[in-house]
Amino acid sequence: MKIKTAEFIMSNSNVTKAPKDRIPEYAFIGRSNVGKSSLINMLMERKNLAKTSGKPGKTQLINHFKVNNEWFLVDLPGYGYAKVSKKKRVIFQYFIENYFKEREQLVCTFVLIDSRHDPQKIDLDFLRFLGENRIPFCIIFTKADKLPSSKLNKQITSYKRKLLEHWESLPANFITSATSKLGREEVLNFIDEVNKDVAKDFS
Ligand code: GTP
Ligand code: MG
């Protein structure tokens, strides 16, 4: 897919105030600092479309971007950042849960996992939440450039094995790097295919 336009539309903490356009939507979520905003910039070939930071907790709201005037891409705050106060964590959980439960346009959620890390409870719990709410998802292994390829393959194989302890089959999954652009074509082609599949539901 060619990216012709990518524009920031709005940020908010309340899904009922999100854009009303009936177009397919794709959300990016995962632990704080996993690389959600960087991946969005890499996919869109834009340096600062989504705000990134070396410090976790940068993205705090639901951020809508419109791509090619045809679909939404959503940058979400990360979960699992220990330094966030308990009160903030509760608010976050509330608006993120609402987003996933209420957003009718959402056709696929990309759950990002740092390819260097072994499976973490918080990610497995989040995948279970999506499953229980019948929210379709894919997995994106990020920061692939940080591992030598033999170690990368080993990590991902063992991650998939862990998933199969909980799930009957694996979702679509991608390996990406925001620095080398690895996986860009694959993720965009996947979105292109889903857009075609769901077109009749949005016409
Ligand atoms: P929050 O908004 O805080 O939840 O974080 P995020 O998941 O949006 O992460 P962000 O994109 O802000 O990136 C966090 C840090 O990881 C930044 O320092 C990025 O430069 C770095 N980073 C992200 N993706 C990659 C990648 O693919 N490779 C490398 N080497 N660094 C990356
Ligand atoms: Mg972010």
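Any read-out appearing in this document is the output of simple, stated calculations on the displayed coordinates, not a laboratory observation. Keep in mind that this is a model prediction, so the values were computed, not measured. We place every Cβ from the backbone using ideal geometry, glycine too, and count neighbours over all the protein chains shown.
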Under the definition of Cα pairs under 8 Å and six or more residues apart, what whole-number percent is the relative contact order of region 6-197?
23
Separation between Cα centres of region 103-124 and region 132-203, rounded to whole Å
9
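May I ask which of Lys87/Lys181; Lys4/Lys200; Lys101/Lys181; Lys55/Lys196 have a Cα-Cα span longer than 30 Å here?
Flagged as over cut-off: Lys87/Lys181; Lys101/Lys181; Lys55/Lys196.
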What helices in the chain pass both tests, a Cα length along the helix axis of 15 Å or more and a mean Kyte hydropathy of 0.0 or higher, using whole DSSP H runs?
121-132
DSSP beta bridges in the chain, what fraction antiparallel, as a percent rounded to 5?
35
Students often check this: by mean Cβ neighbours within 10 Å, which of 31-43, 149-161 ranks highest, and how do the rest follow?
31-43, 149-161
